[in-house]
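Below: one structure, written as structure tokens.
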Amino acid sequence: MTKKPLYGDATSQPANHKAGGWIDGLDRSRKSGPFLESHPMDTMGMSTKAVHAGTHDDPRTGAVGTPIYQSSTFILHEETYGSIEEGFGRDRFIYTRYGNPSQWAVQEKLAALEGAESALVFSSGMAAISAAVLALVDKGAHVVAASDLYGGTFNLFNQEFPSLGMSATLVDSYDIEAIEAAIQPNTQILYFETITNPVLKVVDIPALVDIARRHNLRLVMDSTFAPPPVMKPLEMGVDLVVHSASKYLNGHSDLIAGVVCGSRKLVDMVWPRLLNYGGQLDPHAAFLLERGLKTLDIRMRAHEQSATALSKFLETHPCVEKVLYPMLPSHPDHERAKELMQMGTGNVTFFVKGGDQAAIRLLDHLHLPKQATSLGGIESLISLPFNSSQASMTSRQRADIGILPGCVRLSVGIEDADDLIADFDQALNAITDMKGAA
């Protein structure tokens with residue numbers, strides 16, 4: 001069967017002026033998407049969605065898998081002009097800054113995985129976060145956010161907000177009463193992370209949803225540490241979910257990207273900020289992200305398996321003071337993790353006896369994990385917060401959010417658990433021997 005040329009989502013309907021005009025009467029309906037073509041994915045499993053949702057067979061050549069549409073612009077047709085005039089240009093291919101088939105394919109896959117009506121991909125996680133936040137606030141707005149945010153988001157609220165005539169109050173993610181008390185008359189959104197970095201607090205999402213609803217606020221959550229196989233915040237009532245797609249979603253440490261997922265109405269509000277701020281994802285990068293997403297579910301199972309085994313080993317080693325992994329009964333949020341998380345992740349934080357200098361020696365003796373920032377890759381990555389992600393903080397500031405001397409941040413890859421355990425065993429024994437010799 002010959003397929004029609006790919007012009008955009010043909011199911012999207014123009015404005016119905018006969019009903020009174022959607023601009024004034026708000027009677028224009030929004031469809032989920034935009035999608036390349038219909039895929040009945042709602043009842044499918046996570047791995048099936050990861051493989052098939054959004055993936056587009058090339059209508060011209062029959063190639064299996066979405067081609068890279070490396071084009072800056074697209075041929076305009078009568079329906080395209082009508083789309084622009086009627087106000088639904090997002091549903092047609094016009095110019096790659098507005099949308100591209102490579103972007104749409106990965107956006108549809110992400111929406112299916114998150115259980116969202118719509119998704120947008122960005123050139124970085126911070127591009128996604130900035131666009132999502134600024135789409136939901138007005139001049140003079142106030143935001144209540146977590147005190148232990150990712151550094152880029154922290155800087156957005158502390159450096160950029162004041163210059164835009166806005167403000168933010170940062171509160172401990174655990175302190176639900178303080179979060180509610182921080183709400184002001186001009187508060188417009190709550191911004192939190194599902195699992196914090198690096199001490200892996202599992203945030204009480206239902207409590208935050210309740211606060212947001214009672215105070216008529218939007219709740220935005222960064223779920224980078226809890227991708228869809230682990231947690232689906234939208235299903236719990238969160239308004240928008242953002243990710244650094246460079247991490248678990250892509251999973252191969254070869255891409256910088258971000259994503260926003262949510263209702264079509266809210267994502268349509270974010271889309272103009274994508275256009276205005278210029279954070280579009282290149283078509284080739286979109287291809288890489290779609291490729292990475294196809295193995296997300298099976299990768300997460302491998303991450304969890306190795307991380308669980310390694311964290312249990314680390315708990316028993318005499319050179320380790322404490323281990324933080326939400327799937328361990330010893331984690332302070334273990335019960336909440338069992339309630340909110342479908343599985344574990346690869347993130348493990350532990351504290352080496354002997355402080356930061358002992359942690360430095362440990363990294364020097366390890367062979368498999370790479371000393372590098374980031375997380376969620378197929379290879380294990382390891383770093384020390386005091387001289388990397390939280391280096392700009394004072395020791396007291398780090399201690400206030402639980403980053404004590406000897407803190408090690410580990411992103412467990414998909415290596416065999418036995419090999420990782422053997423490597424950590426020899427490295428920990430080596431620094432123990434050095435201490436004894438000293």
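Each peptide in 269-281, 232-244 gets a packing score, the mean of other Cβ atoms within 10 Å over its residues, and the list from highest to lowest is 232-244, 269-281. Alpha-carbon geometry of segment 300-430: the Rg and the Dmax are 13.9, 39 Å, given in that order. Against the chain, whose longest principal axis is taken from its Cα atoms, helix 355-365 shows a tilt of about 80°.
Here is the P(r) of segment 270-370: all C-alpha pair distances, binned every 5 Å from 0, give 2, 10, 14, 16, 13, 11, 12, 11, 7, 3, 0 in whole percents.
This model, with +1 at the C-beta of Lys and Arg and -1 at the C-beta of Asp and Glu, gives the chain a dipole about its Cα centre of some 500 debye. Cα centroid separation, segment 237-294 to segment 164-233: 20 Å. DSSP beta bridges confined to the chain are antiparallel in about 55 percent of cases. Taking amide H positions as modeled 1.01 Å from N, with prolines and chain starts lacking one, the residues under 5 Å from residue 123 and 5 or more places away or on another chain are 258, 280, 281. Per residue, segment 378-421 exposes an accessible area of 45 Å² to a 1.4 Å probe, with every protein chain left in place. For segment 23-294, the solvent-accessible area with a 1.4 angstrom probe is 39 square angstrom per residue. For segment 360-408 versus segment 113-152, the spacing of their alpha-carbon centroids is 25 Å.
I want the local charge near residue 51. Using Cβ-Cβ distances under 14 Å, sum +1 for each Lys or Arg and -1 for each Asp or Glu among the other residues. Net local charge, residue 51 excluded: +1.
Taking all protein chains together and rolling a 1.4 Å probe, residue 180 ends up with roughly 60 Å² accessible. So what's the gap between the Cα centers of segment 310-330 and segment 50-103, to the nearest angstrom? Rounded to whole Å, the Cα centres lie 48 Å apart. Which value, in Å² rounded to 10, gives the accessible area of residue 56 with a 1.4 Å probe and all protein chains present? Its heavy atoms expose roughly 0 Å² to the probe. Placing +1 on each Lys and Arg Cβ and -1 on each Asp and Glu Cβ, with no other charges, gives segment 73-141 a dipole about its Cα centre of roughly 340 debye. For Cα Rg over 2.2 N^0.38 Å, the choices are [x] 1.03; [y] 0.96; [z] 1.21; which was calculated from the structure? Matching entry in [x] 1.03; [y] 0.96; [z] 1.21: [x].
Too long at a 31 Å Cα-Cα cut-off: which of 109/322; 232/322; 232/353; 294/353?
Values: 109/322 38 Å; 232/322 29 Å; 232/353 36 Å; 294/353 40 Å.
Beyond 31 Å between Cα atoms: 109/322; 232/353; 294/353.
Descending by average beta-carbon neighbour count within 10 Å, the peptides 116-123, 352-359, 76-83 line up as 116-123, 352-359, 76-83, the highest first.
Straight-line reach from residue 370: which aspartates and glutamates have a Cα under 13 Å away, not including same-chain ones fewer than 8 places off? The reachable aspartates and glutamates, counting only those whose Cα sits under 13 Å from residue 370, are 379, 415, 423.
Restricted to Cα atoms, segment 112-239 shows a radius of gyration and a Dmax of 13.7, 38 angstrom. Only aspartates and glutamates eight or more places from residue 49 in sequence, or on another chain, were considered; those with a Cα closer than 15 Å are 37, 108, 114, 117, 290, 297.
The values are calculated or read from the model by the stated rules, or taken from the named source; none is laboratory data. Note that the coordinates shown come from a computational prediction; the quantities given were computed from them, not determined experimentally. FYI the Cβ positions are ideal-geometry reconstructions off the backbone, even for glycines, and counts take in every protein chain you see. For accessibility, only protein heavy atoms count, side chains too; no ligands or nucleic acids. Shrake-Rupley method; radii C 1.70, N 1.55, O 1.52, S 1.80 Å.
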